[in-house]
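Just below is one structure, and these are the notes that go with it.
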Amino acid sequence: MEHDGEMAPPIPSHATASDADAAADDWAARDDFEEPPAGSHSHPPAAAAAAAEEDAREAAPPAPPAEDIKEIESNLQSLELQPSDAPQDSVQTEAEERNRKRHLNVVFIGHVDAGKSTAGGQILFLSGQVDDRTIQKYEKEAKDKSRESWYMAYIMDTNEEERAKGKTVEVGRAHFETETTRFTILDAPGHKSYVPNMISGASQADIGVLVISARKGEFETGYERGGQTREHVLLAKTLGVSKLIVVINKMDDPTVGWSKERYDEIEGKMTPFLKSSGYNVKKDVQFLPISGLLGANMKTRMDKSICKWWNGPCLFEIMDCIEVPLRDPKGPVRMPIMDKYKDMGTVVMGKIESGTISEGDNLVVMPNKANVKVISVYCDEDKVRSAAPGENVRVKLSGIEEEDIAAGFVLSNVGNPVGAVTEFNAQLQILELLDNAIFTAGYKAVLHIHSVVEECEIVDLIEEIDLKRKKESDPKKKKPKRKPLFVKNGAVVVCRVQVSNLICIENFSDSPQLGRFTLRTEGKTIAVGKVVAVPPAGSTTFKA
């Protein structure tokens, strides 16, 4: 993994994304103008004093001695005004932003050992982010550990523990570019012990790459009940990953041999499951076969000598063409903070979910209501004047100490800050309760909402929703609301959730990124939900 939080230069950044359309009610589915550098060219002795002054300001070639003095003076005046000319400054910034490629966060998800880190490493190698010499070093290192096929994963898994076990633990981050798009790769861990880390990665993503191993037995293990393939798909949908690329990996394995029958079998089993998870398979999902280890069908289309039957696009083509919902750059600023560190000031990292953050902005950190000023903004490794929604950024702030910030705090407008509450109403879809458990008032679980991880308690069940009845338009046929004492697996219920510490959330209808969540207990995802009501502005709880 790349653990870049403590590095001084602003490097890659975190990264969840939104899909208001797909998830809204579908619960079955669920730079700067720089004054030219002062020059030190000397004029010929005949040049006028004004010309010398002009030269010192703009490093222009020596003016001819015959040049009109008044014209020089007027030029000087215009030069003096330019650096503080705000409109021109902002025009240049807008032009810079327009010229920037679009940015997408891609999370690699799937069962443990499906080949996520290897595929991510191969993408970085094919896009020129890693040189041959480094690959040779990793190859030797993997061979010394008798793990020859792991060397590509070492590009993403930089931690010694991860390399020794061959398991990703934390979310790895890396960057690469194609002709039209800048991508941030988020390499999520596949092991069930590290699902909370996977949630933090998927919550930053715009699109997902579901990696499935075609090797005999491996697909079945991930797909069967309790396998991470299923859980990751459900979590990705809940966390706002609107588009999914399903890559059938390890097609070069001797047990598969680029078999069309095996590919069709996996696609046939996955399609109904993806539909039941809420994905529109025709519009939002694409399948393709690859070999992450060999790089086949990744940057360039498949060679017919390797696979005769595949005529579709390669992975890079699909990622380049994929379309995601646009966010509002003029909306209220909302940036959940994922991490923070000190570097000549306080630096916070996160993904801008809405609004635009610019140098010099006065913002507020919620829920502690600390007023801060933006000193500088970094996208990837570049310092920029402003950053738009969807960007992973590092923002240097003044007016707050690093120890006064925690993951889950939200950077927002002073005039329209995000709400901070200790209770809210939610619509929950119960997925799979633990054995012998019933879901009732008093049920306790761990709440994951944007970058917040907080223990919570269900204090009241308000209403059970009958999805079949909900579709009936005739009001006479509709049953009156019923307040349940408890609910079972598969139920959809509106309930009140309470937490002990203030958390920053918004209604799902106002901000899907800050209004969707999961509930987990004892290492299992038991429910997914969306915020449907929050206390009135200025209040942290509902009035009795």
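The values are calculated or read from the model by the stated rules, or taken from the named source; none is laboratory data. This is a predicted model, so every value here is computed, not measured. Cβ atoms come from the backbone with ideal geometry, glycine included; neighbour counts cover every protein chain shown. When the accessible area is computed, the model is the full protein with side chains, heavy atoms only, and any ligands, DNA or RNA have been set aside. Shrake-Rupley method; radii C 1.70, N 1.55, O 1.52, S 1.80 Å.
Some observations on this one:
- Checklist (1) open to solvent by less than 50 Å² (accessible area, probe 1.4 Å); (2) at negative phi; (3) not charged (D, E, K, R) applied to GLY240, failing item: (2)
- Taken over the range 218-231, the criterion of being in a loop (DSSP other than H, G, I, E, B) and open to solvent by 10 Å² or more (accessible area, probe 1.4 Å) is satisfied by GLU224, ARG225, GLY226.
- Qualifying residue in the range 376-397 (condition: in a loop (DSSP other than H, G, I, E, B), out of contact with any Leu (no Cβ under 9 Å at 6 or more places or on another chain), open to solvent by less than 10 Å² (accessible area, probe 1.4 Å) and at pLDDT 90 or above): no
- Qualifying residue in the range 243-253 (condition: in a helix (DSSP H, G or I) and within 27 Å of the chain's Cα centre (by Cα)): no
- Any chance VAL372 is in contact with a Pro (Cβ under 8 Å, 6 or more places away or on another chain), aliphatic (A, V, I, L, M) and assigned to a strand (DSSP E or B): no
- Of all the listed residues (LEU186, LEU210, LEU234), the sole one being open to solvent by 20 Å² or more (accessible area, probe 1.4 Å) and among the hydrophobic types (A, V, I, L, M, F, W, C) is LEU234.
- Which numbered condition PRO189 fails, given (1) assigned to a helix (DSSP H, G or I); (2) modelled with pLDDT under 85: (1)
- Entry remark, the range 274-298: residues being open to solvent by 20 Å² or more (accessible area, probe 1.4 Å), modelled with pLDDT under 90 and out of contact with any strand residue (DSSP E or B) (no Cβ under 9 Å at 6 or more places or on another chain) number 2 in total.
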